Amino acid sequence: MTTTRARERERDAVIPIAPLAKWAQPEREGIVASVVALGLLATIAMWWTNTTSLHGWASEWTAAGRVLGLAGTYLLLVQVLLMARVPVLDRFIGMDRLAVWHRRNGEYVVALLTAHVAAITLGYALAAHQTFAWETGTLIRRYPDMLAATVAMALLVTVGVTSARIARRRMKYQTWYFVHLYAYLAVVLAFAHQLNSGNEFATHPASRWFWIALHLIVLAALLIFRVGVPLALYSRHQLRVDKVEQETPDTVSIWMTGRALNRLRGESGQFFLWRFLTRDGWWQAHPFSLSRAPDGRRLRITVKGAGDYTNWLPRVKRGTRVFAEGPYGACTAERRSRDKVLFVAGGIGVAPLRALFESIPARRGTLSFIYRARSEADFALRDELEKIARKRDARLAFISGSRDDAAFDPEIIRSAVPDVADHDVFVCGSTGFVDHAIEALRDAGADQRHLHAERFEL
Amino acid sequence: MRRAIVATLGTIAGLVALLNYKTTALPQRVNALGAGTTPTTTGALPGDTGGNNSGGGPGTTAPSGPGSPTTQANDRVVKGNQFDNQFGPVQVEVTLRGNKIVDVNALQMPTDHQQSLFISEQAAPMLRQETLTVQSAQIDVIGGATYTSESYAQSLQSALDAAKR
């Protein structure tokens, strides 16, 4: 108990944030969205102050192109920041929702920047009384750093196309991943043409510094949270695979040991991005939740085979070095603000909830757990859940049925937990399951403010 | 799909609103670099700039400016040197009647960038007016066209020097 307290204190000292229980998820997302919008306004304000009165189509297209470029680039930086593993963002919004933001914003960014290119070229062509094609050639050849910017645009479009859902389904994760890395190169290549050809920056030093500062902030966030912090964690704890255990036919648990694990932050409900340093697996990092409360000596994750990577994972050897980024995930005991707690797990979503089920502070008889899986054979960690339920005098319900069954409806929740309205509810599973469960829970009377969800992208 | 439509329409509406505020209906467009009475607007396609002083040298005198209705027989038209700044080349020719500056014509003004073109269009008449008022190259810098104003003054000074006024 003392060690848990000490760990909580240590973490709170690092990231001082008001208690999250105060706001529901939509409110927290609203706060972050407002901050992003403020930055966007500041960006448009640069354009506003720098734009003299317009007259004629040429100047209007050019001005439109400039503001599109500024807004698109600002949102491109936001795009990078969303994936920079910034702890504040993770705790406020959660990685799962950040990924959704990243996808939507990504589509918007590519559209804005494409429109930027088209509008500027058209405006210049009209001013020079030339064709669009002639102006395109001239822009690329004659304007400073425009060739690099053209390459950047091509890269961004490629990243966008390979990320479209239709393309993703036909592509290996590996291909998509490496193409996606080129987005960073695009940001770098596009930077010079903004400073050297961008009007806002050529004439207004304040705008210039604002822009440079934005880029530096994003760069710093990347270096700190995606490189520095994980490297420090790696050298401090030196994690290695200790044991791989079969849970169900398609689910395994992987145990890891390391040094000074009592100093590892990370608690029940959280996950790390794991990178198993084998010859063919080192380059990819995947999120898996801790399926057991960290005890200072070992960590455990539980993984269901659902793709190339998760089917390969059970074959990692004992002793394999593990590079972990984290902890992430805001679905922790900290979110809870009521005595009674209900856990609702869908499939492998059981992993983080099992850890919370074991470790969340609660009086006897105040916990409930509903676990849904496809069939009886698919209830991973069932024995452990039953043991914990006995120890903590908790209600425990297993529901089996295929995903398409309307097996999970408000009636089932009400019959299992009649007083669901008085509970904090933690929901975890695939996006489809979580959305479905939240709807059912609200119909059963659960309070939006006390619903805490973590969605797995399978 | 609905989200995409909303985003597209929202962006277009925002853009149109922004542009709408910034658009002022001018009674008529100022002719390109329309400072002078001569209809000459030399060269200045993007990129075809020479180095400093690559334009016509000073002292090119002619008995009369071409086509200028106010030109009289004893007027001298003197070209200044071309001066480059980061936005493009600037070159003026000055029309003198005795020692009096009666006209200044911008032969070249920066047109490389869209914005430069508009700045040039707006600044050229102001710089001309300024010159006719102060009757020297000691003209004030036009706000928003700092570099162009300086190059303009330099070119003007070189023309006046060449005319040994």
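The values are calculated or read from the model by the stated rules, or taken from the named source; none is laboratory data. Values in this document were obtained by computation on a predicted structure and should not be read as measured data. Cβ: placed from backbone, ideal geometry, glycine included. Neighbour counts: every protein chain shown. The area values use the complete protein model at the heavy-atom level, side chains included, leaving out ligands, DNA and RNA. Shrake-Rupley method; radii C 1.70, N 1.55, O 1.52, S 1.80 Å.
Structure data summary
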| quantity | calculated |
| --- | --- |
| Computed helical MRE - 222 nm, chain A, DSSP H runs ≥ 4 contributing -39500 (n - 2.57), nearest 500 | -17000 deg cm²/dmol |
| Carbon + sulfur, % of accessible area of the range A:238-328 - ligands and nucleic acids excluded, 1.4 Å | 46 percent |
| Residue-normalised accessible area of the range A:238-328, expressed per residue, 1.4 Å probe, Å² | 43 Å² |
| Cross-link pairs A:K243/A:K391; A:K172/A:K243; A:K304/A:K387; A:K243/A:K340; A:K317/A:K391 - those with Cα-Cα distance over 31 Å | A:K243/A:K340; A:K317/A:K391 |
| Rounded to the nearest 10 Å², the accessible area of A:H215 at probe 1.4 Å | 30 Å² |
| Accessible carbon and sulfur surface of the range A:333-455 relative to its total accessible area, %, 1.4 Å | 45 percent |
| Rounded if a/c under 1.5, otherwise prolate or oblate - the range A:236-370, Cα gyration tensor axes | prolate |
| Residue among A:V350, A:A389, A:A437 farthest towards the positive dipole end of the range A:333-455, charges placed on Cβ | A:A389 |
| For q = 0.10 Å⁻¹, Debye-computed log10 I/I(0) when each Cα of the range A:340-458 counts as one equal scatterer | -0.25 |
| The range A:21-233 - percent of accessible surface contributed by carbon and sulfur, probe 1.4 Å | 73 percent |
| Partners for B:K79 among lysines (Cα-Cα distance below 22 Å; same-chain residues under 8 apart left out) | B:K100, B:K164 |
| Hypothetical label at A:D435: residues of the range A:98-131 whose amide nitrogen lies under 16 Å (7 Å Cα-Cβ projection) | A:98-105 |
| Estimated distance in nm for a label pair at A:L41 and A:A24, the labels positioned 7 Å out from Cα along Cα-to-Cβ | 2.5 nm |
| Solvent-accessible area lost in complex, 30 Å² minimum, residues of the range A:99-144 relative to chain alone, 1.4 Å | A:R104, A:Y108, A:Y124, A:A127, A:R142, A:Y143 |
| Dipole of the protein assembly as shown, positive end: most advanced residue of A:A446, A:P205, B:V6 [Cβ charges, Cα centre] | A:A446 |
| Summed residue charge, Cβ within 14 Å of A:H423's Cβ, Lys/Arg positive, Asp/Glu negative | +4 |
| Between A and B, accessible area buried - total, square angstrom, nearest 100, 1.4 angstrom probe | 2400 Å² |
| Contour excess over end-to-end distance, with Cα ends at A:S400 and A:R442 and 0.36 nm allotted per residue | 13.0 nm |
| Normalised contact order of chain A, rounded percent, pairs of Cα under 8 Å and 6 or more residues apart | 13 percent |
| Projected label distance in nm at A:L219 and B:V16, using a 7 Å step from Cα toward the beta-carbon | 4.0 nm |
| Under the Debye formula (equal points on every Cα, no solvent term), log10 I(q)/I(0) of the range A:21-233 at q = 0.14, 0.18 Å⁻¹ | -0.93, -1.39 |
| Semi-axes of the equivalent ellipsoid for the range A:40-132, Cα gyration tensor, largest first, Å | 33, 14, 7 |
| Residues of the range A:333-455: accessible area per residue with a 1.4 Å probe, Å² | 42 Å² |
| Dipole of chain A [Lys/Arg +1, Asp/Glu -1 at C-beta], most positive-end residue of A:A183, A:N262, A:Q25 | A:N262 |
| Which of B:M126, A:M83, B:M1, A:M46 is most accessible, then next, and so on - probe 1.4 Å | B:M1, B:M126, A:M83, A:M46 |
| Only Lys, Arg (+1) and Asp, Glu (-1) charged, at Cβ; the protein assembly as shown dipole about Cα centre in debye | 2140 debye |
| With all protein chains modelled, accessible area of A:H436 [1.4 Å, Å²] | 80 Å² |
| Computed over chain A, Kirkwood Rh from alpha-carbon pairs, angstrom | 24.4 Å |
